[in-house]
Amino acid sequence: MAKQNGHGQAKILSDAEISKLFSEGFQTDRDRALFAIALFTGCRISEACSMLTDDVYDDRGNVLDTITIRKANTKGKIGTRQMDIVPALKAVLQKWASNKDALFPGRHGLGSIRPVSADHILRDALKRIGIEGASTHSFRRTALTKMNNAGIPLSVIQRISGHKSLTELQRYLEVTEEDKSKAIAHLNWSL
């Protein structure tokens, strides 16, 4: 999907675009759950696609309090990171439950859905509601930028995102002209 923000990066989604995407764009509970995980955890779409059912649900099918993101899913490294499941994500996850080991089974119930399939799902949803310039990576960039704009320390965002360095993380964060104006406005000494 084309990256159209002028800097070769995926578009940051507005709150209105997110709302429209989840209410009108995505057509199934599975699709809403897949992209809600990416949005509410800031994980890579490949990490969301390869999640296991027991990363999110207990043995009785109840949504856990924390979600497990497996680093080995994308970077070939051993390890996981965990984060709380916020109420909005929990509500979406309660509507979707996989009866397979894979949280999001692939075609014919085999393995996990592939990131390229998630990309096709998103393209269809975006086309349905008329949003341009977004990609599967928009969910990660949107989440990380929203945390940054809320004043969350970069070291905390780094732990959530799984980036090895702050330099890597900072490439994800969008700085708008308004952000720059607000920052400069704080330089208000009386001389």
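Read the figures in this text as sums done on the coordinates, not as results from a lab. The structure presented is a predicted model; accordingly, all values stated were derived computationally and were not measured. Using ideal geometry, Cβ is built from the backbone for each residue, glycine included, and neighbour counts are taken over all protein chains shown.
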Checklist entry - Against the longest principal axis of the chain, how steep is helix 29-41, in degrees 0 to 90 to the nearest 10, with axes from Cα atoms? => result 40 degrees
Checklist outcome for this item: In degrees, nearest 10, the alpha-carbon axis of helix 137-149 is tilted away from the dominant principal axis of the alpha carbons of the chain by 50 degrees
Checklist entry - Where does the chain land at 222 nm, in deg cm²/dmol rounded to the nearest 500, when only DSSP H runs of n ≥ 4 count, each adding -39500 (n - 2.57), divided by all residues? => result -12500 deg cm²/dmol
Next on the checklist: Which three extents, in angstrom, do the Cα atoms of the range 15-166 have along their principal axes, listed largest first?
Outcome noted: 41, 38, 29
Checklist entry - Where the centroid of each part is defined by its Cα atoms, how far is the range 146-165 from the range 25-73 in Å? => result 20 Å
Checklist entry - Binned at 10 Å from 0, what are the whole-percent values of the Cα-Cα distance distribution for the range 91-137, short to long? => result 23, 39, 33, 4
Next on the checklist: I'd like the orientation of helix 115-129 relative to the chain: the angle between its Cα long axis and the longest Cα principal axis, in ° from 0 to 90, rounded to 10.
Outcome noted: 70 degrees
Checklist entry - Projected onto the charge dipole of the range 15-166 (+1 at Lys/Arg Cβ, -1 at Asp/Glu Cβ, origin at the Cα centre), which of Gly130, Gly106, His163 gives the Cα projection farthest towards the positive end? => result His163
Checklist entry - Where does each of 36-45, 149-158, 126-135, 167-176 land if you order them by average Cβ count within 10 Å, highest first? => result 36-45, 126-135, 167-176, 149-158
